[in-house]
Amino acid sequence: MTDILTNRKARYDHHILEDFEAGIVLKGTEVKALRAGKGQIRDAFARIENDEAFLYNAHIEEYNHGNLFNHVPKAKRKLLLSKREIQRLFGLESVSGYTLVPLSFYWKKGKVKVQIGVAKGKNQRDKRQDLKTKEADRDARRSMMHHHKCK
């Protein structure tokens, strides 16, 4: 499993309650652009419409060597999920304050997969608390490393 794109901001801005793996319908030029690492999913989100899942605002740059059949960079892209997963996501998405965000794009057996997270937004206090705990963990690790070096 090799990451292509990751959405670091998703874990900073949201509490991730659950995550799902989904396939994604892409054109050839989109796959080639992703292979070159040309894309970003920071502002992307998923939505369930008519018993189908779609990814919006995922920016995949146009392929350099593509011709007039090149893709649209911010096109709506279909996600491939089972019917049961779509129903579960629809139920979770319909809860107020919950949203579906892509966490990463990655390769799996030669196919591009998307990790979708069911997310609840964090407020400013939660973000500050996360930063404090992360810094405390870092300081503890640093002191442990220093302690082991001194012996």
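A short reminder: the numbers here are calculations on the coordinates, not readings from a lab. This is a predicted model, so every value here is computed, not measured. Here the Cβ is made from the backbone with ideal geometry for all residues, glycine too, and neighbour counts use every protein chain on show.
Comparing SER96, SER104, SER82 in a Gaussian network model of the chain (Cα springs below 10 Å), the most mobile by mean-square fluctuation is SER96.
Here is the list for the stretch 18-72: chymotrypsin sites (Phe, Trp or Tyr not before Pro) lying in DSSP coil, each with at most 14 other C-beta atoms within 10 angstrom of its C-beta, are PHE69.
Seen against the Cα atoms of the chain and their longest principal axis, helix 83-93 is set at about 60 degrees.
Rounded to the nearest Hz, the phi-derived 3J(HN,Hα) couplings of the stretch 48-55 under the Karplus curve 6.51 cos²θ - 1.76 cosθ + 1.60 (θ = phi - 60°) are 9, 9, 6, 6, 9, 9, 10, 10, where x marks glycine and proline. Give the separation of the Cα centroids, the stretch 42-115 to the stretch 2-17, in Å. Using only Cα atoms to place each centre, the spacing works out to 14 Å.
Using the Cα gyration tensor of the stretch 51-100, with a ≥ b ≥ c the square roots of its eigenvalues, what is the shape: rounded (a/c below 1.5), prolate (a/b larger than b/c) or oblate (neither)? Prolate.
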